[in-house]
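Structure first, commentary second.
The values are calculated or read from the model by the stated rules, or taken from the named source; none is laboratory data. Keep in mind that what you see is a predicted model, and the values were worked out from it rather than measured. Glycine also receives a Cβ, built like all others from the backbone with ideal geometry; neighbour counts cover every protein chain displayed. The area values use the complete protein model at the heavy-atom level, side chains included, leaving out ligands, DNA and RNA. Shrake-Rupley method; radii C 1.70, N 1.55, O 1.52, S 1.80 Å.
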Amino acid sequence: MPSPAQEYRAEEILDRLRKHIPDLRCELDFKTPLELAVAAILAAQCTDKRVNLVTPALFKKYRTAKAYAEADLEELEALVKSTGFYRNKAKSIRALGAALVEQHRGQMPCDLQALIKLPGIGRKTANLLLADAFGQPGLIIDTHQIRLNQRLGLTAQDDATKIELELRELLPTRDWTDWSHALTLHGRYTCLARRPKCEACPLTDLCPSAGTG
């Protein structure tokens, strides 16, 4: 169990990041849970910016899980090609549509265990859907989360699931989603992997790694 001092430090980190990054949100564009799931599949090894250029045409053509399930694979591949690994992504998206039709009447479930059983949906995407599509608490552990939680001395783990479970103990449930977006955005724009911008970081006095990147 985390100590009160660890909990206070985590609270201070989040408070500062909320002030530093006022708009804490997922940067993928979407209107429905299905759209977010598809966008998240496309975002693997790709930037959100690139995905957002691709999805308007994709979402216009395929509006339902049934439409994805029945999609011509070559047409689907062509639409998502610029996101990279497009053959695997197209197969995952079509398989997701089929699973939703067969198992959930074409609707995206809003339960973690049901979500992670779907094609193309791991724990990270499942938590993203819970947090941003369904308004439930979610800890979205991506590569930025792994790096920043390590740099801040909050975990020694490399495994995303183990980090998620540690953060569940450290953070109040109400803060899970904000923590997810705050650290991801901070990692994306300030605490970079190779050359962190420590001079622009509001956490330097709380970070044991400050100035060592």
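Report, to the nearest whole %, how much of the accessible area of the chain belongs to carbon and sulfur atoms, 1.4 Å probe, protein only. Intermediate values should be presented prior to the final figure.
On the way: 5660 of 11320 Å².
Answer for the chain is 50 percent, counting heavy atoms of protein chains only.
FRET efficiency for the pair residue 23 and residue 117, taken as 1/(1 + (r/R0)^6) with r the Cβ-Cβ distance and R0 = 30 Å, rounds to 0.40. Over segment 65-105, the Kirkwood radius and the radius of gyration, each from Cα atoms, give a ratio Rg/Rh of 1.01. The value of relative contact order for the chain, using C-alpha pairs under 8 Å at least six residues apart, is 22 percent. Farthest toward the positive end of the dipole of segment 31-103, out of 53, 92, 68, is the Cα of 53, where the dipole comes from beta carbon charges about the Cα centre.
Sorting 199-210, 39-50, 168-179 by their mean Cβ neighbour count within 10 Å, with the most densely packed peptide first, gives 39-50, 168-179, 199-210.
In plain terms, the chain from residue 192 to residue 88 could stretch by 34.6 nm, reckoned as 0.36 nm per residue minus the Cα-Cα distance. With all protein chains kept in place, the per residue accessible area of segment 9-86 amounts to 55 square angstrom at a probe of 1.4 angstrom. Derived value for segment 110-173: Kirkwood hydrodynamic radius 12.1 Å. Basis is the mean of 1/r over every pair of different alpha-carbon atoms. Think of each Lys and Arg Cβ as +1 and each Asp and Glu Cβ as -1; about the Cα centre, that makes the dipole of segment 1-101 roughly 220 debye.
May I ask you to give the solvent-accessible area per residue for segment 124-213, in square angstrom, as obtained with a 1.4 angstrom probe? Walk me through the numbers on the way to the answer.
Details: 4200 Å² over 90 residues.
Averaged over the residues of segment 124-213, the accessible area is 47 Å².
If you put +1 on each Lys and Arg Cβ and -1 on each Asp and Glu Cβ, how big is the dipole of the chain around its Cα centre, in Debye rounded to 20? Mind dumping the intermediate values first?
On the way: 30 positive and 27 negative charges, 121 e Å.
Roughly 580 debye for the chain.
Counting Lys +1, Arg +1, Asp -1, Glu -1, what net charge surrounds residue 31 among other residues with beta carbon under 13 Å of its beta carbon? Walk me through the intermediate numbers first.
On the way: positive: 60, 63; negative: 29, 35, 132.
Cβ neighbours under 13 Å give a net charge of -1.
Listed by chain and number, the lysines whose alpha-carbon sits under 29 Å from that of residue 60, ignoring those within fewer than 8 places in the same chain, are 31, 49, 81, 89, 91, 117, 124. Any chance you could tell me what percent of the C-alpha pair distances in the chain go past 21 Å? Distances greater than 21 Å cover 55 percent of the Cα pairs.
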